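A short worksheet on the structure shown next.
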Amino acid sequence: MIEVKELTKRLIELAFAEDIGDGDHTTLCSIPPSAVGKARLLIKEEGILAGVEIAEAVFHHFDPDLSLKVFIEDGAHVKPGDVAFVVSGKVQSLLQAERLVLNIMQRMSGIATITGKYVKLLEGTDAKVLDTRKTTPGMRMLEKQAVKIGGGENHRIGLFDMILLKDNHVDFAGGIENAIRAAHTYLKENNRQLKIEIEVRNFDELNQALSAGGVDRIMLDNFTPEQTREAVEMVNGRVELESSGGITFDTIRRYAETGVNYISVGALTHSVKSLDMSLKAMNTI
């Protein structure tokens, strides 16, 4: 399995390759190589800050001599006018790294902010907000990190760290029991220890999953809050329960109050609004 640091490095390299190509000719023609200066990361919208750590990695990847002075750490609540950090060094380097840093930080902060709003709606319940695999290709590690910064939980990173038997798996496998049995056989034959979750679409499938046993969590797909409450009573703590499917700001509290353990929300990453911020030049040094 590729480590997070390696995936992040690949993302940075690809992002610079697509943005700079054979050279940032605007910067190269207007700024002398010897010019040095500094810029500040200015917050322009209230939210939760995320991406400071990766921003430092981006700057240092492009130019190890760039220096950051951080004033606000990841996870902090920010408001317009706040300065998250100041970066100093060669102006050519600052200008060429500017857009990548902003793209990453704005998106990560947007995800952390929306996650924080969902988490707040669950205060006083035991339910936890989960993300999904509905992420931007290549940016999953960063987006899931942003969910954690916002107070949410990661469901799974990818297809490799958990078995999730969804509706198509169940249908192709020939039913709930067949799918669960096949999962256990696979794990045993391949000497792997992974948690198993299965998705159910109705009470009949829920009963089948409970009868078959051998799963760590059951996902209740598109159950209403009333149906979810009934399912929680049926299960009675025998296995973890997760609600999924079209859950919004307006409905998530009702699901949480049923006693379900987890609520997955694809909107944390698939339709998030970036948090507004900018990297502004300061006096040269």
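Residue count for segment 146-180, restricted to those that are closer than 21 Å to Tyr262 by Cα and among the aromatic types (Phe, Trp, Tyr): 1. Is it the case, given these coordinates, that Glu199 is under 30 Å from Gly138 (Cα atoms) and open to solvent by less than 40 Å² (accessible area, probe 1.4 Å)? Against the criterion (under 30 Å from Gly138 (Cα atoms) and open to solvent by less than 40 Å² (accessible area, probe 1.4 Å)), Glu199 qualifies. Among the residues of segment 44-53, is there at least one that is of a type in the set (Lys, Arg), in a strand (DSSP E or B) and open to solvent by 30 Å² or more (accessible area, probe 1.4 Å)? No, every residue in segment 44-53 fails to be of a type in the set (Lys, Arg), in a strand (DSSP E or B) and open to solvent by 30 Å² or more (accessible area, probe 1.4 Å). Among the residues of segment 11-38, those identified as open to solvent by less than 40 Å² (accessible area, probe 1.4 Å) and under 28 Å from the mean Cα position of the chain (by Cα) are Leu11, Ile12, Ala15, Phe16, Ile20. When restricted to residues that are crowded, with 17+ Cβ neighbours inside 10 Å and out of contact with any helix residue (DSSP H, G or I) (no Cβ under 8 Å at 6 or more places or on another chain), segment 61-71 contains 0. Taking (1) modelled with pLDDT of 95 or more; (2) assigned to a loop (DSSP other than H, G, I, E, B); (3) farther than 21 Å from Val129 by Cβ in turn, Phe223 satisfies each apart from (3).
In segment 109-163, what count of residues is obtained for those that are open to solvent by less than 50 Å² (accessible area, probe 1.4 Å) and basic (Lys, Arg)? Of the residues in segment 109-163, 2 are open to solvent by less than 50 Å² (accessible area, probe 1.4 Å) and basic (Lys, Arg).
Close contacts from segment 112-131, counting a first residue that is on the phi > 0 side of the Ramachandran plot and a second that is buried (at least 16 other Cβ atoms within 10 Å of the Cβ) and hydrophobic (A, V, I, L, M, F, W, C), with Cβ to Cβ under 9 Å and a gap of 6+ residues or different chains, come to Gly124/Ala256.
The values are calculated or read from the model by the stated rules, or taken from the named source; none is laboratory data. Here the structure is a predicted model, which is why all the values come from computation and not from measurement. Glycine gets a Cβ as well: all are built from the backbone with ideal geometry, and neighbour counts include every protein chain shown. We work out accessible area using only protein heavy atoms, side chains counted, and drop any ligands, DNA or RNA first. Shrake-Rupley method; radii C 1.70, N 1.55, O 1.52, S 1.80 Å.
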